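Trainee: What follows is a single structure, and I will ask about it in a moment.
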Amino acid sequence: MKILDKQRFQNDLLNWYDQEKRDLPWRKERDPYRIWVSEIMLQQTKVDTVIPYFYNFMDKFPTLEKLAEAEEEEVLKAWEGLGYYSRARNLHTAVKEVKEFYNGQVPDTEDEIKKLRGVGPYTAGAILSIAYNVPAPAVDGNVMRVLSRIFTIYDDISKVSVRKKFEEIVRETIAADRASDFNQAMMELGATVCTPRSPACLLCPVQQHCEAREEGVQEILPVKAKKKAPRPVSLKALVAQDYSGRYLVEKRPDTGLLAKLWQFPYIESLTESDEDLKSFAEELSVNAEKFSYQQHVRHVFSHLVWEMDVYQARGKITNPAPNQKLLTKEELKELTFPVSHQKILYKLEEEL
């Protein structure tokens, strides 16, 4: 691995960041709570998508105490559309832990902050460095990409051992007096210049430090093992409405995929006929004679692809199960639905 001129690298990176950093809402202050929320939202989600959600979330829960006191359903509703809802549930649990065990103050040491629910090495490093200027590594995909190119590291970045290797490099490289800016600059560089494809090497402030550019291998780094293609699953969803205009919805289990969110009932189906749908309706105590096709909804998870055909039915609905409710369209708006079922709701809105 090449020997880096650390001082010069820090100066080149930080001078560029001072001039070029994006104006993002969570950068306007050093409140550890706000930084924490932003970092959780930004996991697996693009910045442009996060910004309106961040503003809305801060309006609803402006302080850690407000979030800790909120009902889980309210928190999930504010998160609706961002996906990966376990992030919201873990955040909600963790702020309660901070309120109970740390007197409402987000911990400022690595040992303590990593004890919080859902706070892994990256999130811990991001909060500590950005909010408290602690020289802790915050290694996300952007940072690993930048470092793999600067040092021409061909190790598989999906491995935990390799991530730890990058964390050690950051510990040795970080500008201790400007830890907050250094970590944000590394992330910014990866997000805007040292991009996954066609990196803008000519605009890079640290191009003279980059071994990959010197060797012409920046396009093949970083190395990451290919994931298995997500498995397709054929589903049929039933939008059942009773004669009073209410719709049958159900709450998902407390654990597993999309835990505790609401949905229209559905089944896995491999047939094009509606016989299985009729049987399913009977199981739901939905007495309907006709099923009309509404739309097809496709939703991609990391490991699954839902191919869901949506049908509507109107009839008598009796004895909803304990996890089910009959609700009007207005009442449905108060619940939290996954994106796939939000598309069904949008279609219902169009029919008004």
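Please treat every number below as a calculation from the coordinates, not as lab data. Bear in mind that the values here come from a model prediction, so they are computed numbers and not experimental data. Reconstructed Cβ throughout: ideal geometry from the backbone, glycine too, with neighbour counts over all protein chains shown.
Trainee: Compute the separation of the alpha-carbon centres of the range 92-150 and the range 42-78 and state it in Å as a whole number.
Mentor: Between the Cα centre of the range 92-150 and that of the range 42-78, the gap is 18 Å.
Trainee: If you only keep lysine pairs separated by 8 or more in sequence, or across chains, how many in the range 80-209 come under 18 Å at the Cα atoms?
Mentor: The result is 5.
Trainee: Using the Cα centre of the chain as the reference point, and only Cβ charges (+1 on K/R, -1 on D/E), how large is the resulting charge dipole? Debye, rounded to the nearest 20.
Mentor: For the chain, the charge dipole is close to 500 debye.
Trainee: Okay, moving on. Given the peptides 32-42, 164-174, arrange them by the average over their residues of other C-beta atoms within 10 Å, most packed first.
Mentor: 32-42, 164-174
Trainee: Now for a separate question. Translational diffusion coefficient, Stokes-Einstein: compute it for the range 106-198 using the Kirkwood radius over C-alpha pairs as Rh, at 25 °C and 0.890 mPa s, and state it as an integer in µm² s⁻¹.
Mentor: Answer, rounded: 183 µm²/s.
Trainee: How much length is gained on full extension from residue 154 to residue 227, taking 0.36 nm per residue of separation minus their Cα-Cα distance?
Mentor: On the way: separation 73, 0.36 × 73 = 26.28 nm, distance 1.76 nm.
The span from residue 154 to residue 227 would gain 24.5 nm if fully extended.
Trainee: Report the net charge of residues surrounding residue 164, where surrounding means a beta-carbon distance below 15 angstrom and charges are Lys +1, Arg +1, Asp -1, Glu -1. Let's see the in-between values first.
Mentor: Working: positive: 114, 159, 163, 165, 171; negative: 110, 140, 155, 156, 167, 168, 172.
So the environment of residue 164 carries a net charge of -2.
Trainee: Sum -39500 (n - 2.57) across every DSSP H segment of at least 4 residues in the chain, then divide by the residue count to get the 222 nm mean residue ellipticity, nearest 500.
Mentor: Numbers: 15 runs with 154 residues, N = 352.
Calculated at 222 nm, the ellipticity per residue is -13000 deg cm²/dmol.
Trainee: Take the Cα radius of gyration of the chain and divide it by 2.2 N^0.38 Å, with N its residue count; two decimals is plenty.
Mentor: Computed over Cα atoms of the chain, the ratio equals 1.19.
Trainee: Over the range 231-350, what is the relative contact order in percent, taking alpha-carbon pairs closer than 8 angstrom and at least six residues apart?
Mentor: Reported relative contact order: 36 percent.
Trainee: On a 0 to 90 degree scale, rounded to 10, what angle separates helix 6-20 from the longest Cα axis of the chain?
Mentor: The angle comes out near 50 degrees.
Trainee: Given an 8 Å cut-off on Cα distances and at least 6 residues of separation, report the relative contact order of the chain as a percent.
Mentor: 16 percent
Trainee: Of 232, 196, 265, which has the largest mean-square fluctuation in a 10 Å C-alpha GNM of the chain?
Mentor: 232
Trainee: Once both labels are modelled 7 Å past Cα along the beta-carbon direction, what's the residue 252-residue 168 spacing in nm?
Mentor: 3.9 nm
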